[in-house]
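The values are calculated or read from the model by the stated rules, or taken from the named source; none is laboratory data. None of the values given here were measured: they were computed from a predicted structure. Methodologically, a virtual Cβ is constructed for each residue, glycine included, from the backbone with ideal geometry; neighbour enumeration extends over all protein chains shown.
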Amino acid sequence: MDVEWKRVVVPLLCAAGVSVFLLKWTEQQKVKRKLQRAREKREKELGQAEKAVSCFKTQNAGVDLSSIVTLPLAELSQRIRGGSLQPEAVLHAYMEKALEVNKKLNCATAVLTESLKQLEDVESHKDGLLYGIPISIKDNVEYEGYDSSCGVLTKLDDPAVKDSVLVSVLKKQGAIPFIKTNIPQGLLK
């Protein structure tokens, strides 16, 4: 009986061990694919932003984008309202600066490409306090269609269904959220 028991138990234990190994390996492959999709999406967004900035600079060769990002908020807002600066130029200036900083710090989690479409609607918010001002939002703030992963793997591939209250208020005040930046991993929403 002892020998027959070993004949049954040993293959069962081996099969269980192989099953556990295969399950862990499969899960690891899923994680790798999930991370790869997120990286590819981010790289695509960064590429689209670089292309948009490049096109803008080509079409508007006389505009000095670097001086725009040095303006204090009050002066920037005043110049946009006064018409000496266009919201499109300001957005592209800040987008260029964000891309430059991201190359050094790897701080962007997503480029909100809808910001370019928001420019078409920004005139309807001309009375807003933040009319035409580009805004960076942190990764824990929900923006419709984008993940708020907070650096946590399980939150990838789970885009927000709608904008958070903060983003909605910013948009109603004329602000243009254009990029999401990372946060410490321990800061959960």
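Here are the numbers for this structure:
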| read-out | value |
| --- | --- |
| In the range 151-163, the residues that are part of a loop (DSSP other than H, G, I, E, B) and either out of contact with any Phe, Trp or Tyr (no Cβ under 7 Å at 6 or more places or on another chain) or of a type in the set (K, R) (or both) | G151, V152, L156, D157, D158, V161, K162 |
| From K24, K34, K30, K104, residue being touching an Asp or Glu at 6+ places or on another chain (Cβ under 7 Å), closer than 27 Å to L156 by Cβ and basic (K, R) | K34 |
| Subset of the range 47-85 (residues that are free of Cβ contacts under 8 Å to residues at least 12 places away in the same chain and within 21 Å of T113 (Cα to Cα)) | G47, K51, S54, C55, T58, Q59 |
| Unique match (being surrounded by 17 or more Cβ atoms within 10 Å (Cβ to Cβ), of a type in the set (A, V, I, L, M) and under 20 Å from L35 (Cβ atoms)) among A108, A175, A98 | A108 |
| Boolean, K57 is part of a helix (DSSP H, G or I), modelled with pLDDT of 95 or more and within 30 Å of L130 (Cβ to Cβ) | no |
| Qualifying residue in the range 137-150 (condition: part of a loop (DSSP other than H, G, I, E, B), more than 11 Å from the chain's Cα centre (by Cα) and over 13 Å from S115 (Cα atoms)) | no |
| Residue check, G132 crowded, with 19+ Cβ neighbours inside 10 Å and touching a helix residue (DSSP H, G or I) at 6+ places or on another chain (Cβ under 9 Å) | yes |
| Flag if V31 is farther than 20 Å from P134 by Cβ, β-branched (V, I, T) and within 21 Å of the chain's Cα centre (by Cα) | yes |
| Considering residues of the range 10-61 that are aromatic (F, W, Y) and within 30 Å of T109 (Cα to Cα) only, the residue surrounded by the most Cβ atoms within 10 Å (Cβ to Cβ) | F56 |
| Enumeration of residues in the range 145-162 that are at negative phi and either among the hydrophobic types (A, V, I, L, M, F, W, C) or modelled with pLDDT of 95 or more (or both) | V152, L153, L156, A160, V161, K162 |
| Positions within the range 164-185 being part of a loop (DSSP other than H, G, I, E, B) and farther than 19 Å from S77 by Cα, in sequence order | S164, N182, I183, P184, Q185 |
| Meets criteria (β-branched (V, I, T), surrounded by 12 or more Cβ atoms within 10 Å (Cβ to Cβ) and in a helix (DSSP H, G or I)) for V3 | no |
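Yes/no matrix, rows are residues, columns are (1) among the polar types (S, T, N, Q); (2) within 26 Å of S54 (Cβ to Cβ):
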site: L105; (1), (2): no, yes
site: S115; (1), (2): yes, yes
site: L130; (1), (2): no, no
site: I135; (1), (2): no, yes
site: K138; (1), (2): no, no
site: V141; (1), (2): no, no
site: D147; (1), (2): no, no
site: A160; (1), (2): no, no
site: D163; (1), (2): no, no
